[in-house]
1. Restricted to segment 1-46, and to residues that are of a type in the set (Gly, Ala, Ser) and not in a helix (DSSP H, G or I), which residue is nearest to Val86 (Cα to Cα)?
2. For Ser75, work out the one condition from (1) polar (S, T, N, Q); (2) open to solvent by 80 Å² or more (accessible area, probe 1.4 Å); (3) part of a helix (DSSP H, G or I) it doesn't fulfil.
3. Report the residue count in segment 78-99 for those that are under 20 Å from Asp42 (Cα atoms), in contact (Cβ under 8 Å) with a residue 24 or more places away in the chain and assigned to a strand (DSSP E or B).
4. What are the residue pairs meeting all of these: first residue in segment 1-29, first residue under 30 Å from Thr120 (Cα atoms), second residue of a type in the set (A, V, I, L, M) and open to solvent by 100 Å² or more (accessible area, probe 1.4 Å), Cβ atoms under 8 Å, and 6 or more apart or on different chains?
5. Between residues in segment 100-127 that are more than 23 Å from Ser39 (Cα to Cα) and residues that are at pLDDT below 95, which pairs lie under 8 Å by C-beta distance while being six or more apart or on different chains?
6. Which condition number in (1) within 16 Å of the chain's Cα centre (by Cα); (2) open to solvent by less than 100 Å² (accessible area, probe 1.4 Å); (3) at negative phi is the one that Gly85 fails?
7. Before we move on, is Val60 open to solvent by 50 Å² or more (accessible area, probe 1.4 Å) and over 13 Å from the mean Cα position of the chain (by Cα)?
8. Can you tell me which residues in segment 6-22 are open to solvent by less than 90 Å² (accessible area, probe 1.4 Å) and among the charged types (D, E, K, R)?
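The values are calculated or read from the model by the stated rules, or taken from the named source; none is laboratory data. On a predicted model such as this, the values are computed, not experimentally measured, just so you know. Heads up, the Cβs are rebuilt from the backbone with ideal geometry, glycines too, and the neighbour counts pull from every protein chain shown. With ligands, DNA and RNA removed, areas are computed over all heavy atoms of the protein, side chains included. Shrake-Rupley method; radii C 1.70, N 1.55, O 1.52, S 1.80 Å.
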Amino acid sequence: MVKEIPTCESWSIDETRIKEAKEAIDQAPIKDVSQMFKSIADLNRAKMTYALCIHEELCVCDIATLLNITVANASHHLRLLYNNGVVTYRKDGKRAMYRIYDEHIRQIMLVSIEHKEEVTSDETTHI
């Protein structure tokens, strides 16, 4: 079922709101935030991010096994997440141990999952 998106029935703009919003957009690091979300948007990277929300640290081998992908593929995904400030890592001998960059990322992921569960629940009760 496709939801109908409401639109304005008459054309008028609020110049003050537009100016304030444009200034806020221009000052915020929106491009960087967009790239961060884009990096998490891949299904395997979203799974990695969520797994790291649940477990404080996982090595590349653990992540590869969890997702049934090669270590090289896991490393590639983790590098993208690292480059976008989603994860960080430390070396433990020959192992690379990955973890969520900070509590902000953990909250973004957990709140996003909670939101999706609520939206899905709302959709099933409104059918």
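1. Filtering segment 1-46 down to residues of a type in the set (Gly, Ala, Ser) leaves 10, 12, 21, 24, 28, 34, 39, 41, 46.
Applying the additional criterion that residues be not in a helix (DSSP H, G or I) yields 10, 12, 28.
On the way: Ser10: 42, Ser12: 40, Ala28: 18 Å.
In this case the residue turns out to be Ala28.
2. (2)
3. 3
4. These pairs meet every condition: Met1/Ile127.
5. Cβ pairs passing all conditions: Ile127/Met1.
6. Going through (1) within 16 Å of the chain's Cα centre (by Cα); (2) open to solvent by less than 100 Å² (accessible area, probe 1.4 Å); (3) at negative phi one by one, Gly85 breaks only (3).
7. On the way: open to solvent by 50 Å² or more (accessible area, probe 1.4 Å): no; over 13 Å from the mean Cα position of the chain (by Cα): yes.
Here the answer is no, as Val60 does not meet what is asked.
8. Asp14
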